[in-house]
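> Below is the structure I would like to discuss, written out as structure tokens.
The values are calculated or read from the model by the stated rules, or taken from the named source; none is laboratory data. For clarity, every value in this text was computed on a predicted model and none was experimentally measured. No Cβ is skipped: glycine too gets one built from the backbone with ideal geometry, and neighbour counts run over all protein chains shown. The area values use the complete protein model at the heavy-atom level, side chains included, leaving out ligands, DNA and RNA. Shrake-Rupley method; radii C 1.70, N 1.55, O 1.52, S 1.80 Å.
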Amino acid sequence: MLSIEARYRGLLEAAPDSMVLVDANGQIVLSNHQAEKQFGYGRDELLGQPVKNIIPVGFAERLIADGTRGAAEALAQQIGTGIELAARRKDGIEFPIEIMLSPLQSGDGVLVVAAIRDISVRKAAEEHLSQMEARYRGLLEAAPDAIVVVNELGEIILLNVQAEKQFGYRRDELLGQQVRAIIPEGFAERLIADGTRTAAEALAQQIGTGIELSGRRKDGSEFPIEIMLSPLQSADGILVTAAIRDITERKLAERHLAQMESRYRGLLEAAPDAMLLMNTDGLIVLLNLQAEKQFGYRRDELAGRPLRTVIPEVWTIIADVKQRVAGALRSADNSQAQEIGAGIEFNGRRKDDTDFPIEVTLSILRTVEGVLVTVAIRDITTRKNAEARLLQTMQELNRSNEELGQFAYIASHDLQEPLRMVASYTQLLSKRYKGRLDADADEFIAFAVDGANRMQLLIQDLLAYSRIGTKGTPALLTSSESALERALVNLGGAVEDSGALVTHDSLPEVLADPRQLVQLFQNLVGNAIKYQGTGVPTIHVSCAQNAQAMWAFSVRDNGLGIDPKYFERIFGMFQRLHKREEFAGTGIGLAICKKIVERHGGVIGVESQLGQGSTFRFALPGAPAQ
Amino acid sequence: MTSGSALDRAPIEVLLVEDSLGDVRLTREALHEANRAVHLHVAFDGVEAMDFLTRAGSNTRAPRPDLILLDLNLPRMDGREVLVQIKANESLRTIPTIILTTSDAEADIVKSYELQANCFLSKPVQLDAFESLVKSINDFWLTKVKLPQPVEGRLP
């Protein structure tokens, strides 16, 4: 016994760990100095004590003494490493230990050697670690994105609740699974395991942000994801943390945007005008098909060139445009497109150096790339030609009007001169020789006198008619009531002789040439008196505002009336409905009325039935709105 | 003192400046009817009229007219120029000068008065009206109106 003790004592004392030797009854038969110190006992104080005193649970039970196992089985069980148990010091304080058991055949039967290591420090470290892990786990779970941690083999070793949700798996269904199950392509290939890359290369490649891939749910449906990879050096080798973001919404928005862009591009190309997009440096950044056609350039020949390439005079407005752009940017108006110039006329220059007239509209366009200016260019060659033709026609019309005016002067002066001779001398002939020649001579002279008189009237009326256009004064605010009264004064004799009863409503102020308005009333009322049956002429003038805000006048009489088939004809020049013997006159009166009314922008018409009187209606513009 | 109302008085001298023979005859007939004392002299253009008034050439014995009837549109020198010269001449400017023309253009009327015409009359087309107008001229200008005696010393 002593010899054994002596033999082992040396070994025991040399060991770094506490060592106790326990017999089959659970009694400590030997302990080393480290053990006595660790458990707080004096020298040899542990000898003969049950091992339960220092290791209350988990050691003594392993000894053979429970009678339920065979010696061989017990022996096998007594062999163990890294068994973690709790130890108790003499003062009752417990601390964590790890024991390593090994059986020892001896003369006294099977003994068990227990090497006991104080693992307080390790346990504390482990606890700290697990706290840390819990904390990181909290962070992991709080992350908005799905996060999975994958090892070098492509196996998922960690995931958060967002990952469960996104992919539709329970956590335990994914742990240990290949990451290909949820990200079929593009992720696993990045891991080190393919053998073609060095560890450093792989590590560099594992770092990545914004990689767009496709995710697959448990139900097989796929959805777009963006992953961000970061490598993690760990005790188990290189791990890769993947933050996975569902970008379904963003993809939809992007597709919508792309659709919109293609739609706008479609609009741009479909626009009938040439469209250029210019940056604030005056360089063309975009153009459409029409711009290519109109200017004769290919798209790539114009992109990046200054706008003055196609609009040489554009420098005249560049300063203004820049000012307006700056002004628009300062203003609160944030609408995408803001017009800053419209209808500006320039000459456009084609590639072959020919020029053509254009009209330009400029707008500010706010884009993600900054402020651009859209330049819409319309080829106005056709319009310009039309304008030139119109101007030419106007000039021709003016000239012809002038000639007509000259004709009126010729009619008044040069034609009247010889006419006056004919009229005067036939009248002189009639006066001196009537009844002194034969009856034929008297008749001939009478026809000559009559013809000369009629011609004179025609010329005078023609003159009066042509003077409406050439001698008119500008329209003034004129009292139509005063004009009617003046006309009645002018008609004086005719009104008195016929005993006509002329009444009128209160009449408004109108925009008219005062003298022509008098003439208009004079002709209409004069006609009403003149074309009268047997009764007393009764004439009423009234007025009301019509839908076009014009004053609608009516001159109603109880005269002969007019057959509706002549309604158009009576307003023509020298048109008469009666024989000369019945009613005198050249038939110019209503033509003059029509010309006066039309010159004032109105219309004239008549309502009548034979034998039931006539109502002449005309409209004149009123006072301009205040 | 000029007076045309009596036959036994000195004749009334009237200068008619008119290029139309028909008008000359009509005016002569009408004036004769209105006043037998009128002695009508005729110039057929403006140059002849100024020669008569200034007694130039063969007109050395021409009388100073009591009234001038002046047409506007005349050959060689038109009525406006004649009017300017008459009114620029100190001894002639007091002679009443009546524009008697076919024109009734506003521009001609305005211009004539600006050039100091004594009145502007348009020739009517009707014979009756013309005769009546000439009678009016006689009744007013040759009968009623009082005119200054020509200053003898200033006579050309």
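> Here is a check on your reading of the model: is A:Leu175 closer than 15 Å to A:Lys218 by Cα and loosely packed, with under 15 Cβ neighbours inside 10 Å?
Answer is yes for this residue.
> List pairs: first in the range A:413-437 and farther than 30 Å from B:Asp108 by Cβ and facing chain B (nearest Cβ under 9 Å), second open to solvent by less than 80 Å² (accessible area, probe 1.4 Å) and in a helix (DSSP H, G or I), Cβ under 6 Å, 6+ apart or cross-chain?
A:Ser430/A:Ile445; A:Ser430/A:Val449
> Could you run through the range A:216-230 and say how many residues are surrounded by fewer than 17 Cβ atoms within 10 Å (Cβ to Cβ) and either modelled with pLDDT under 90 or assigned to a strand (DSSP E or B) (or both)? Break it down into steps so the answer makes sense when it comes.
From the range A:216-230, those surrounded by fewer than 17 Cβ atoms within 10 Å (Cβ to Cβ) are A:217-223, A:228, A:230; that's our starting set.
Filter again for either modelled with pLDDT under 90 or assigned to a strand (DSSP E or B) (or both), leaving A:222-223, A:228, A:230.
Residues flagged as surrounded by fewer than 17 Cβ atoms within 10 Å (Cβ to Cβ) and either modelled with pLDDT under 90 or assigned to a strand (DSSP E or B) (or both) within the range A:216-230 amount to 4.
> Moving on to the next point. Exactly one condition in (1) within 14 Å of chain A (Cβ to nearest Cβ); (2) more than 28 Å from A:Leu429 (Cα to Cα) is not met by B:Val125; state its number.
(2)
> Could you grab the pairs with beta carbons closer than 9 Å, sequence gap of 6+ or different chains, first residue in the range B:99-110 and within 12 Å of chain A (Cβ to nearest Cβ), second one among the polar types (S, T, N, Q) and in a strand (DSSP E or B)?
Every condition considered, the pairs that remain are B:Thr101/B:Ser122; B:Thr102/B:Ser122; B:Ser103/B:Ser122; B:Asp104/B:Ser122; B:Asp108/B:Thr101.
> Among the listed residues B:Arg25, B:Arg55, identify the single one that is more than 14 Å from chain A (Cβ to nearest Cβ) and either over 22 Å from A:Glu417 (Cα atoms) or assigned to a helix (DSSP H, G or I) (or both). Break it down into steps so the answer makes sense when it comes.
Values: B:Arg25 fails: more than 14 Å from chain A (Cβ to nearest Cβ).
Every option except B:Arg55 fails the conditions.
> Quickly run through the range B:64-84 and pick out the residues that are over 14 Å from B:Asp45 (Cα atoms) and either within 14 Å of chain A (Cβ to nearest Cβ) or open to solvent by 50 Å² or more (accessible area, probe 1.4 Å) (or both). Even if it seems obvious, please write down each step before you answer.
Of all residues in the range B:64-84, those over 14 Å from B:Asp45 (Cα atoms) come to B:64-67, B:84.
Answer for the range B:64-84, where residues must be over 14 Å from B:Asp45 (Cα atoms) and either within 14 Å of chain A (Cβ to nearest Cβ) or open to solvent by 50 Å² or more (accessible area, probe 1.4 Å) (or both): B:Arg64, B:Val84.
> In the range B:28-43, what residues are open to solvent by 90 Å² or more (accessible area, probe 1.4 Å) and either closer than 18 Å to B:Gly79 by Cβ or within 14 Å of chain A (Cβ to nearest Cβ) (or both)?
As a first pass, look at the range B:28-43 and keep what is open to solvent by 90 Å² or more (accessible area, probe 1.4 Å): B:28, B:32-33, B:36.
Passing the criteria: B:Arg28, B:His32, B:Glu33.
> Just one of the numbered conditions (1) open to solvent by 20 Å² or more (accessible area, probe 1.4 Å); (2) over 14 Å from A:Ile596 (Cβ atoms) is not true of A:Arg467; which one?
(2)
The rows are residues; the columns are (1) exposed (fewer than 11 other Cβ atoms within 10 Å of the Cβ); (2) free of Cβ contacts under 8 Å to residues at least 24 places away in the same chain; (3) within 14 Å of chain B (Cβ to nearest Cβ); (4) touching a Gly at 6+ places or on another chain (Cβ under 8 Å).
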position	(1), (2), (3), (4)
A:Val375	no, no, no, no
A:Asn385	no, yes, no, no
A:Ala388	yes, yes, no, no
A:Met394	yes, yes, no, no
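> Under the condition of being surrounded by 16 or more Cβ atoms within 10 Å (Cβ to Cβ) and not hydrophobic (A, V, I, L, M, F, W, C), which residue from the range A:307-326 is nearest to A:Arg349 (Cα to Cα)? Step through it out loud before you land on a result.
Within the range A:307-326, the first condition is being surrounded by 16 or more Cβ atoms within 10 Å (Cβ to Cβ), and the residues that meet it are A:307, A:309-311, A:314, A:317, A:321, A:324-325.
Now narrow it down to the ones that are not hydrophobic (A, V, I, L, M, F, W, C): A:309, A:324.
On the way: A:Thr309: 7, A:Arg324: 25 Å.
The selected residue is A:Thr309.
> Can you tell me which of (1) within 28 Å of A:Thr473 (Cα to Cα); (2) open to solvent by less than 40 Å² (accessible area, probe 1.4 Å) is the one A:Gln522 doesn't meet?
(2)
> If you go through the range A:557-590 one residue at a time, how many are touching a helix residue (DSSP H, G or I) at 6+ places or on another chain (Cβ under 8 Å), surrounded by fewer than 20 Cβ atoms within 10 Å (Cβ to Cβ) and more than 18 Å from A:Tyr465 (Cβ to Cβ)?
2
> Let me ask something else. Residues in the range B:13-47 that are free of Cβ contacts under 8 Å to residues at least 24 places away in the same chain and within 14 Å of the chain's Cα centre (by Cα): how many?
Residues meeting the conditions: 2.
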